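Enquirer: Structure below; questions to follow.
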Amino acid sequence: MGVWDSILRGGGGGGGRRFIKRKDSDAGEAGRALEELRGSLYNEFHTSEGAKRQQQRFCGPSVALTFNFFVAVGIIMANKMVMGAVGFNFPVALSLIHYIAAWVLMAVLKAFYLLPIAPPSKSTPFSSLFALGAVMSFSTGLANISLKHNSVGFYQMAKIAVTPTIVAAEFILFKKKVSLRKVITLAVVSCGVAVATVTDLEFNLFGACVAVAWIIPSAVNKILWSNLQQSGNWTALALMWKTTPITVFFFLVLMPLLDPPGLLSFNWNIQNSSAIMISALFGFLLQWSGALALGATSALAHVVLGQFKTIVIMLSSYLVFNSDPGFTSLCGAIIALGGMSVYTYLGLKESASGGKRAPSTSRQNSHLLKSKVIVDGEKPETRPIDSV
């Protein structure tokens, strides 16, 4: 007892009280740190800004483009199986199934709170989302009609025409300019792809009109996807969740007009339905990877990637399956690949020069922010942090 009395009396008692206070203080600091960590994690995963940061962190341009490339090759094989072996000759209905499957998968993600949060409705008007959903459906539908009524060569020429259309549209809509070196490189790429892939140019007036009508929606579709993600806090999945119902609605309108009759009489057995579901899964991955690529790069880069896929598929058929595209087509493919390499180099060079200028700009903004804090008479640590 004497020991305890000596501890609790005089300076010992005050020390004990101070010891208890320190323990309470440490517990309070730990609680505040835990609360701050919880708030930061919530902001990272349950706000549109945090979801956008996570997408940019884990899915950069190289990852997004590679993902889109492999998925595009996979869906070509899946659709060949559906259209050929299964005999499902309803392209618009197949696209509708793809988008419905994507909608269901995103609904499951949303039910488990795994779907990224969309920005506030005031940040993006509904007219922009409606236009994107409508343009997407018309782009896909007109592409299917163009492929049905045109030769492969004429269809490929229409795809090449999307590149200059994007350059012109971005300049008209956003005053976005492309450097002369990139314009020359894109021209070389387009010429190389044309020489490599255009073998027949059978002209059909109706098919030509459809092909020309498809060019503008295809270009606008890519521009809107890229612009909405880069100018706002939209992630690929959040934007898909908002626009897919609109696209499904327009597909329901277009399907009776564009598809041949006989959809209900199709043999929906387990084997055929499984093949269509595999194609639908690849369709969802294609939409997602395409949106990621457009958000991480640009509409022009996505078009160049599409042309790269065409060249790689042609060269793979030549090297693996011993097909003979001809010496001229092989020369065009080599020219196109060279132009794509130069375009990629120019894009990386511009990104690097932009990154070098960023630190000085951020320091300047930091200095301005510090000046504002001093003028307002506040300390940076005491400025409130918005939380949702």
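Read the figures in this text as sums done on the coordinates, not as results from a lab. Because the structure is a prediction, the values reported are computed rather than measured. Here the Cβ positions follow ideal geometry from the backbone for every residue, glycine too, while neighbour counts run over all protein chains shown.
Enquirer: For Lys176, list long-range residues whose amide hydrogen, built 1.01 Å from N in the peptide plane, is under 5 Å from its own amide hydrogen.
Expert: Here the answer is Phe171, since their amide H atoms fall under 5 Å of that of Lys176.
Enquirer: Averaging the inverse of every distinct alpha carbon separation and then flipping it gives the Kirkwood radius. What is it for the range 66-351, in angstrom units?
Expert: After inverting the mean inverse Cα-Cα distance, the result is 20.0 Å.
Enquirer: Work out, step by step, the length gained on full extension between Val253 and Val320: first 0.36 nm times the residue separation, then minus their alpha carbon distance; give nm to one decimal.
Expert: 20.0 nm
Enquirer: Below 13 angstrom from the Cβ of Lys177, what's the summed charge of the other residues (Lys, Arg +1; Asp, Glu -1)?
Expert: Residues near Lys177 contribute +2 overall.
Enquirer: Here is a follow-up. Determine the shape class of the range 97-151: with a ≥ b ≥ c the square roots of the Cα gyration tensor eigenvalues, call it rounded for a/c under 1.5, and otherwise prolate if a/b is greater than b/c, oblate otherwise.
Expert: Note, shape of the range 97-151 comes out oblate.
Enquirer: Let me know the shape class of the range 183-263, please: from the alpha-carbon gyration tensor, a ≥ b ≥ c as square roots of the eigenvalues, rounded when a/c is under 1.5, otherwise prolate if a/b is greater than b/c, or oblate.
Expert: Note, shape of the range 183-263 comes out oblate.
Enquirer: Please turn the phi angles of the range 165-177 into ³J(HN,Hα) values with the Karplus equation 6.51 cos²θ - 1.76 cosθ + 1.60 (θ = phi - 60°), one per residue in order, whole Hz, x for glycine and proline.
Expert: 5, 5, 4, 5, 5, 5, 5, 5, 7, 10, 6, 8, 9
Enquirer: Residue-wise, which Karplus ³J(HN,Hα) couplings in Hz belong to the range 143-149, taking 6.51 cos²θ - 1.76 cosθ + 1.60, θ = phi - 60°, and x for glycine or proline?
Expert: 5, 5, 5, 4, 5, 6, 9
Enquirer: If you don't mind, there's one more thing I want to ask. Output the pairs from Lys175/Lys349; Lys52/Lys175; Lys80/Lys110; Lys80/Lys159 with a Cα-Cα distance over 27 Å in this structure; if there are none, say none.
Expert: In this structure, Lys80/Lys110 lie more than 27 Å apart at Cα.
Enquirer: Can I ask one more? Any idea what the relative contact order of the range 66-351 is, in percent, if you count C-alpha pairs under 8 Å spaced at least 6 apart?
Expert: It rounds to 37 percent for the range 66-351.
Enquirer: Shape of the range 238-331 from its Cα gyration tensor (a ≥ b ≥ c, root eigenvalues): rounded if a/c is under 1.5, otherwise prolate when a/b > b/c, or oblate?
Expert: Because a/c hits 1.5 or more and a/b fails to exceed b/c, the range 238-331 counts as oblate.
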